[in-house]
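**Student:** Mind having a look at this structure? Questions to follow.
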Amino acid sequence: MSIRVRSLEVIKTCAVSPHLKRITLCGDDLADFPIDAESGYVKALFHPQGIPVVDADSAKGAVKRSYTVRAFRAATRELDIDFVLHGDFGPASTWATSAGIGDTLAIAGPGPTKLADAKADWFAFFGDLSALPAISVNLQRLPEDALGFAFLEVPSADDCVDLVKPAGMQIEWIVNVNPMAYSGELFQRLETLAWLAGAPYIWIAGEFELMRSARKKLKPLKSEVQGTYVSSYWKIGATQEGLQKAKALEEVKSRLGMS
Ligand SMILES: Cc1cc2nc3c(=O)[nH]c(=O)nc-3n(C[C@H](O)[C@H](O)[C@H](O)COP(=O)(O)OP(=O)(O)OC[C@H]3O[C@@H](n4cnc5c(N)ncnc54)[C@H](O)[C@@H]3O)c2cc1C
């Protein structure tokens with residue numbers, strides 16, 4: 001079955017922080033884009049050399065890269081995506097680094113939203129810069145009286161940005177100047193998490209190793225939490241295709257009780 005491809009044009013760019021670039025895409029193909037997709041993801045399509053796909057005809061052989069719907073304004077058909085400028089030669093990051101007004105990009109999707117269940121007693125978020133867009137949407141949408149923590153690992157102190165959040169959500173920024181070396185800091189915060197009263201929703205996304213350790217840690221805590229989202233968004237030294245293979249292997253190992 002062929003995928004639905006939406007052809008969009010860049011109408012605005014801005015630096016959210018030194019390593020995070022917001023690209024606003026617009027186009028008539030967003031006319032039927034769902035209004036409740038924020039925190040979900042789209043697949044941006046590229047040819048392996050980093051050349052963006054512009055329409056369905058040029059989508060053959062394209063690679064797909066997942067990006068969170070940071071914001072969508074239906075009235076003006078504008079979609080904001082925040083790209084990490086990781087500098088490691090991926091087609092998506094390379095394109096985003098130089099993308100400017102008038103450039104084109106094709107996307108597929110969106111997929112399901114990644115929102116914490118607002119009925120939880122309290123909340124704990126863990127993520128790096130790739131997860132900051134999804135965590136930002138989550139924090140914005142939590143009930144006003146929500147309690148809990150967000151631990152965010154970023155590559156420089158200047159990447160610690162202001163976040164819209166309930167007063168009871170405490171933020172801790174962790175700086176890891178070399179994201180290509182797994183720091184283990186986010187997992188350490190999970191290990192030492194100050195447990196509040198009631199059942200939390202625990203939301204974790206970032207590098208592959210964080211996902212793997214976090215799943216092991218949370219497995220025996222199933223009955224004590226209201227819900228979890230644990231996902232790897234990228235893997236050190238692997239393209240997104242490599243990440244998908246590693247995730248599939250991890251699933252098999254987990255089913256066989258080997259991890
Ligand atoms: C559901 C979901 C939502 C996501 N949302 C976002 C989002 O909103 N914004 C965003 O920027 N990313 C997001 N990601 C992560 C993004 O899809 C990956 O980072 C992707 O690999 C980037 O593609 P690329 O073409 O730049 O690099 P690839 O070709 O996939 O990889 C090339 C090299 O870059 C390295 N690399 C890839 N990503 C990073 C990174 N974040 N930091 C450091 N090195 C990296 C790899 O280790 C590899 O060595 C999301 C992923 C998922 C699964």
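Listed here are the residues, each with its yes/no results for (1) loosely packed, with under 13 Cβ neighbours inside 10 Å; (2) over 23 Å from K64 (Cβ atoms); (3) not hydroxyl-bearing (S, T, Y).
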{"position": "S183", "(1), (2), (3)": "no, yes, no"}
{"position": "R189", "(1), (2), (3)": "no, yes, yes"}
{"position": "T192", "(1), (2), (3)": "yes, yes, no"}
{"position": "P200", "(1), (2), (3)": "no, yes, yes"}
{"position": "E207", "(1), (2), (3)": "no, no, yes"}
{"position": "A214", "(1), (2), (3)": "no, yes, yes"}
{"position": "Y233", "(1), (2), (3)": "no, no, no"}
{"position": "E241", "(1), (2), (3)": "yes, no, yes"}
{"position": "E251", "(1), (2), (3)": "yes, no, yes"}
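**Student:** Among (1) assigned to a loop (DSSP other than H, G, I, E, B); (2) open to solvent by 50 Å² or more (accessible area, probe 1.4 Å); (3) over 23 Å from I236 (Cα atoms), there is one condition P143 misses while meeting the rest; what is its number?
**Tutor:** Single failed check for P143: (2).
**Student:** Kindly indicate the residue of the range 41-93 that is more than 6 Å from the ligand (Cβ to nearest atom) and among the acidic types (D, E) and also least open to solvent (accessible area, probe 1.4 Å) among those meeting that condition.
**Tutor:** Across the range 41-93, the extreme among qualifying residues is D80.
**Student:** So which residues in the range 56-71 are of a type outside the set (S, T, N, Q) and not in a strand (DSSP E or B), if there are any at all? Before you say what the answer is, go through the steps one by one.
**Tutor:** Initial filter on the range 56-71 (of a type outside the set (S, T, N, Q)): 56-57, 59-65, 67, 69-71.
Within the range 56-71, A56, D57, A59, K60, G61, A62, V69, R70 qualify.
**Student:** Another one. Over 22 Å from P133 (Cα atoms) and in the same structural domain as V175 (by TED's automatic domain parsing), is that true of L218?
**Tutor:** Numbers: over 22 Å from P133 (Cα atoms): yes; in the same structural domain as V175 (by TED's automatic domain parsing): yes.
Answer is yes for this residue.
**Student:** Could you check the range 204-243 and list, in sequence order, the residues that are free of Cβ contacts under 8 Å to residues at least 40 places away in the same chain and in a strand (DSSP E or B)?
**Tutor:** Residues satisfying the conditions are T228, V230, S232, K235, A238.
The values are calculated or read from the model by the stated rules, or taken from the named source; none is laboratory data. Worth saying up front: this structure is predicted, and the values here are computed from it rather than measured. Note that we place each Cβ from the backbone using ideal geometry, even for glycine, and neighbour counts take in every protein chain shown. Surface accessibility is based on the protein's heavy atoms, side chains included, excluding ligands, DNA and RNA. Shrake-Rupley method; radii C 1.70, N 1.55, O 1.52, S 1.80 Å.
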